[in-house]
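Quick notes on the structure that follows.
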Amino acid sequence: MSRAALLVLADGRFPAGGHAHSGGAEAAVRAGRVTDAATLEAFCRGRLHTGGVVAASLAAAAALGTDPVELDRAADARTPSPALRTVARRLGRQLTRAARATWPHPELDALAARFPKGAHQPVVLGVAARAAGLGALDAAYCSAYEGVSGPATAVVRLLSLDPFDATGVLARLAADVDLVARDAVEAAGRVRAEGTGVLPARSAPLLEIAAEAHAGWPVRLFAS
Amino acid sequence: MGTGADRRVDRVTAPGGVRARARVLARADGRGGTSLPVLEGEGPLAVRRTRGSGAEARVMLVGAMSGPLGGDHFTVTAEAAPGARLRVGSAAATLALPGQEKADARYDVRLTAGEGADLRWLPEQLISARGSDLYVGTRVDLAAGARLLLREEQVLGRAGEEPGRLTSRLTVRIDGRCVLDQELACGPGAPGGWDGPAGLAGHRAVGQLVVVRPGFAAEPPAARVLGEGAAVMPLAGPAALVTAVAPDALRLRRLLDGALASLGRD
């Protein structure tokens, strides 16, 4: 395993299109539910323990070599919002393109051929981690961390929040990210024997509802 | 639960809790109606047939005592065989309460519907009282061509009360393929942020409707938002999920009723 490869994949500047998405933060800011660093932290913590742990476990399972088609179905079942399914596939397609250019690998080629419109992003992330020579825990960390760093960065722009405060939020979430990554890998390790039903399925009702509303806005700063 | 536990005598008062089952089996009677060859309950889970309408058989779950309490394990199984029409309701809300022992409680619901069957699972609210700790597992298995209307409503605490711990997982399979798998975890001890701006944001009632109609395969319902607190979401399959949050049970029910009406008659 190369620790530097992990830094490349986890880098917010990795050209996979994530910067255009707020992870639901734009809708939460508009609704007045995220107004400062404290509410951003609560938002990120809630997201991390719901969609975050689901995504991290999918990424970890894909990194272990679980069939991406099975995992993509499991992701669909855990993403009731059609707006969020569309976003996950668009981000998956962009990540596939970036990862194939960065770490050419037959499994990435096969994934691109099987899902021309994109597989769910966490599934692609896991396969990309394999292609980069990384492991399941690396994939889970990448997924869990980007699930909170995306909203934190977006809120800096949306609220003109002090970037130092946003980074402080991420630092305070470190223990939760550790926990989520460990849980995700534990669940992913059981998929081979027990099927994808063992993957976490925790949901955040307001994120789903707000994602549907946000998709209908005529003007918005972020794509989701 | 393993097969070993399944084979145990139906009613076992395990240390710290009651184990109880209810079973309903509905069959098309061949004359355009639905019969109920199995209608069994025990202890705190009683089932009664009530007046049906048309070809539909109606069953009411009647709580003979309050519960589930900490340590209890209830299992309700309802099956609509091919062509049968079954509607299951409950006479009152289910109240999760703390038990004398500090054990958690479990409530399993297993729903099955065969080809051409129509299953309606419409119990009253589940209220998570302060100090309670309940896991609800609802598993639905539908044949291709079966229809389903399922409603779940969770109310966090009685009026003005802190909620208990509640975890509720709902999975729906159609023709063996999972189209919905979601879990709601809330209350003290739930993973962080459950009541924050990404979770419930202070709402004290949350609910889901799952609607499965074979016609949705060709013509899925449009995704739409109803007010600030509800959305109709077509799933990846011939099914739709309505998710709603509200300040209280009454407003939650209104949101869900409105969402169902917006899907039109089938």
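Decide, for segment A:170-224, between rounded, prolate and oblate: order the square roots of the alpha carbon gyration tensor eigenvalues as a ≥ b ≥ c, take rounded if a/c falls under 1.5, and otherwise choose prolate if a/b is larger than b/c, else oblate. It is oblate, given that a/c is not under 1.5 and a/b is not larger than b/c.
DSSP beta bridges confined to the protein assembly as shown are antiparallel in about 45 percent of cases. Counting only DSSP beta bridges whose two residues both lie in chain B, roughly 45 percent are antiparallel.
Quotient of the Cα radius of gyration of the protein assembly as shown and 2.2 N^0.38 Å, N being its number of residues: 0.98.
Less than 5 angstrom separates the built amide H of B:R21 from those of B:E42, B:T75, all sequence-distant by 5 or more or on a different chain.
Karplus-based coupling profile of segment A:66-78, in residue order and whole Hz: 4, 3, x, 5, 4, 5, 5, 5, 4, 5, 4, 5, 8, with θ = phi - 60° in 6.51 cos²θ - 1.76 cosθ + 1.60 and x standing for Gly or Pro. If a spin label sat at a point 7 angstrom from the Cα of B:R251 along the line to its beta carbon, the backbone N atoms of segment A:187-224 nearer than 18 Å would be those of A:205-207, A:209-210. Taking the fewest neighbouring Cβ atoms within 10 Å as the starting point, the ordered list for A:W103, A:W217 is A:W217, A:W103. Mean sequence separation of contacting Cα pairs (under 8 Å, at least six apart), scaled by the length of chain B, corresponds to a relative contact order of 12 percent. Let me make sure I get this right: for chain B, a, b and c are the square roots of the gyration tensor eigenvalues over alpha carbons, sorted descending. Under 1.5 in a/c it's rounded, otherwise prolate if a/b > b/c, else oblate. Which is it? It comes out oblate by the Cα gyration axes. For B:V136, the residues 5 or more places off, or on other chains, whose built amide H falls under 5 Å of its own are B:Y107, B:T167, B:S168, B:R169. Taking each pair of distinct Cα atoms in segment A:31-122 once, what is the resulting Kirkwood hydrodynamic radius in Å? Result for segment A:31-122 stands at 14.4 Å. Dividing the alpha-carbon radius of gyration of segment B:9-143 by the rule-of-thumb value 2.2 N^0.38 Å gives 1.09. Here the 3J(HN,Hα) profile of segment A:24-29, calculated from phi with Karplus coefficients 6.51, -1.76 and 1.60 at θ = phi - 60°, is x, 5, 4, 5, 5, 5 Hz, Gly and Pro shown as x. For q values of 0.09, 0.10, 0.19 Å⁻¹, compute log₁₀ I(q)/I(0) with the Debye formula on a Cα-only model of segment A:17-215, without solvent. Those come out to -0.30, -0.38, -1.31, one per q. The translational diffusion coefficient of segment A:14-70, from Stokes-Einstein at 37 °C and 0.692 mPa s with a Kirkwood hydrodynamic radius over alpha carbon pairs, comes to 247 µm²/s.
A short reminder: the numbers here are calculations on the coordinates, not readings from a lab. All figures in this text were calculated on a predicted structure; none of them were measured in a lab. Using ideal geometry, Cβ is built from the backbone for each residue, glycine included, and neighbour counts are taken over all protein chains shown.
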